[in-house]
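Chemist: For reference, the structure I am asking about is given below.
No value in this document is a laboratory result; all are computed from the given coordinates. This structure is a prediction, so every number in the text was calculated from the model and none was measured. Here the Cβ is made from the backbone with ideal geometry for all residues, glycine too, and neighbour counts use every protein chain on show.
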DNA sequence: TGACTACAAATTGTCAACAATCATACACAA
DNA sequence: TTGTGTATGATTGTTGACAATTTGTAGTCA
């Protein structure tokens, strides 16, 4: 963001936006597991602000569906059941499919290069058997994919969906996918973009999502 | 919502949610045209609440992308340029396509019936030449389409996109589409669902969206 | 012992006042 | 006249305190 020497607006984002980002990360990585109550006073203290800005930030997450509100009881981290897992991956398929179509209509070569770099990180993580890093690189891959489409709306939708995806991963930490398969499926996506082969791209993307959801929902719903 | 006799939770939704709904409607129907500043004190007075809950509600709309914040200056209704129109319809295509796939996998007959009822309203509005009612029925049609898919996430995405669609319609009020075409395209969607013909359904949906965006962006971007 | 009532603590919902920042108008000098 | 600097007014950002509601606990009575 911003070449060296470029002048950027000094106006940093609002306090609510900053806090919302922090909360998103915390929820994403399981610092606040599903079902946790977000105690206002305590959180406000940790962030060093009063309850006002904190509540504004939390309302953003409610709108995103990451928190749900029970009147006069509090805000709780949304719990994801097996139906949600299906819903998340179905929605992701729709969003990322649209992103792929946009990429093919603009600059597939450039996109393939950028995605190739991210894919290299996946290969590296898989090579040393770091499953956690592999999972994170996986998310970065899809985040980059949507970002390359250049659509503000797809990007916003995808961000929330990827956070929920990460929550699923945390909840089912026990059972990761075979790293070789995972790397291979992403490789296929990069190759299809590189080749600008729309039919194959949509096919491998669909397969990738179907595999993921099948794996995640084989046994044991995260819980209700 | 709720059969007669059904007991519903007395707990109404949070104040922020109620205000957010009202603001959404107001933005949707042009009460606050794009670029308008949302004066906190004045709005709080109109809603009969203090600035706290109002700010919480507005943060939800910021998250949705309907408002954007300029620090220490205020919140403004987002203005949509011609690129946004393309982006909105592209995203809608992705979301509604996914919704169509879900409907075909569950109960197309039931869905076709529900959509047929909404379509009848479009026919009625077109018959008496009420373009405003026709436009609203158009939105209800697509809202219902996504609702029938039964996906909370698609529904949330679609709601925001349809509000933005309505904003475009208001901004370009001069130039409506040919009512006959509009009714016909929606009829084709209902028929394809009824027939459970996936290939044809996706085709007519794509065509419907492409037509709309082409019509909206022929001349005169709403403004920058 | 069990159930119901009343009280108390804690948390959320709301508000009005204070502090910080920005836009406008005006005076003044070059 | 143009540009700069200042003062003023208004609006947003933030805070701490107060009101309303729920939950848990203790106590009483059948």
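Chemist: Below 8 Å between Cα atoms, with a sequence gap of 6+, how large is the relative contact order for region A:1-114 in percent?
Modeler: 22
Chemist: Next question, about the same structure. Taking every eigenvalue of the Cα gyration tensor of region A:1-134, multiplying by 5 and rooting it, what semi-axes result, largest first, whole Å?
Modeler: 32, 23, 17
Chemist: Still on this structure, please answer the following. Taking a label point 7 Å out from Cα toward Cβ, give me the nm distances from residue B:18 to the same spot in the other copies, shortest first, one decimal.
Modeler: For residue B:18, the inter-copy label distances come out at 3.3 nm.
Chemist: Over all residues in B:207-215, what is the mean tally of Cβ atoms on other chains that come within 10 Å of each residue's Cβ?
Modeler: 0
Chemist: With springs only between Cα atoms under 10 Å, which of B:165, B:36, B:93 fluctuates most in a Gaussian network model of chain B?
Modeler: Sorting by GNM fluctuation, first place goes to B:36.
Chemist: While we're here: Could you list A:32, B:47 in order of exposure, starting from the residue whose Cβ has the fewest other Cβ atoms within 10 Å?
Modeler: B:47, A:32
Chemist: Dividing the alpha-carbon radius of gyration of the protein assembly as shown by 2.2 N^0.38 Å (N being the number of residues), what value is obtained?
Modeler: For the protein assembly as shown, the normalised Cα radius of gyration comes out at 1.01.
Chemist: Percent relative contact order of chain B, based on C-alpha pairs within less than 8 angstrom and at least six residues apart?
Modeler: Worked out over chain B, it gives 25 percent.
Chemist: Okay, moving on. What are the radius of gyration and Dmax of region A:15-77, computed over its Cα atoms and given in Å?
Modeler: When restricted to Cα atoms, region A:15-77 yields Rg and Dmax of 10.4, 27 Å.
Chemist: Also: Other chains' Cβ within 10 Å of B:127-138 residues: what's the mean?
Modeler: Whole-number average of other-chain Cβ neighbours for B:127-138 is 0.
Chemist: Taking the label point as lying 7 angstrom from Cα along the Cα-to-Cβ axis, what are the distances from residue A:199 to the corresponding position in the remaining copies, in ascending order and in nanometres?
Modeler: 1.2
Chemist: Rank the residues A:169, A:157, B:58, A:28 as a footprinting-exposure proxy: fewest other Cβ atoms within 10 Å of their Cβ go first.
Modeler: Fewest-to-most Cβ neighbours within 10 Å comes out as A:28, A:169, B:58, A:157.
Chemist: Other chains near A:50-57: what is the mean number of their Cβ atoms within 10 Å of each residue's Cβ?
Modeler: 3
Chemist: Give the span of region B:82-216's Cα atoms along each principal axis, as three whole-Å numbers ordered largest to smallest.
Modeler: Principal axes ranked by extent give 39, 32, 23 Å for the Cα atoms.
Chemist: Nearest 500 deg cm²/dmol is fine: what mean residue ellipticity at 222 nm does chain A get from its DSSP H runs of n ≥ 4 alone, each adding -39,500 (n - 2.57), divided by its residue count?
Modeler: The per-residue figure over chain A is -23000 deg cm²/dmol.
Chemist: Could I ask something else about it? Going by C-beta contacts inside 10 Å, put B:105, B:121, A:156 in order with the fewest on the left.
Modeler: B:105, B:121, A:156
Chemist: May I ask for the angle, rounded to the nearest 10°, between helix B:131-149 and the longest principal axis of chain B, with both axes built from Cα atoms and the value confined to 0 to 90°?
Modeler: Result, in degrees: 80.
Chemist: If we hang a label 7 Å off Cα along the beta carbon direction at residue A:150, how far is it from the matching labels on the other copies, in nm, shortest first?
Modeler: Distances to the matching label points in the other copies: 3.9 nm.
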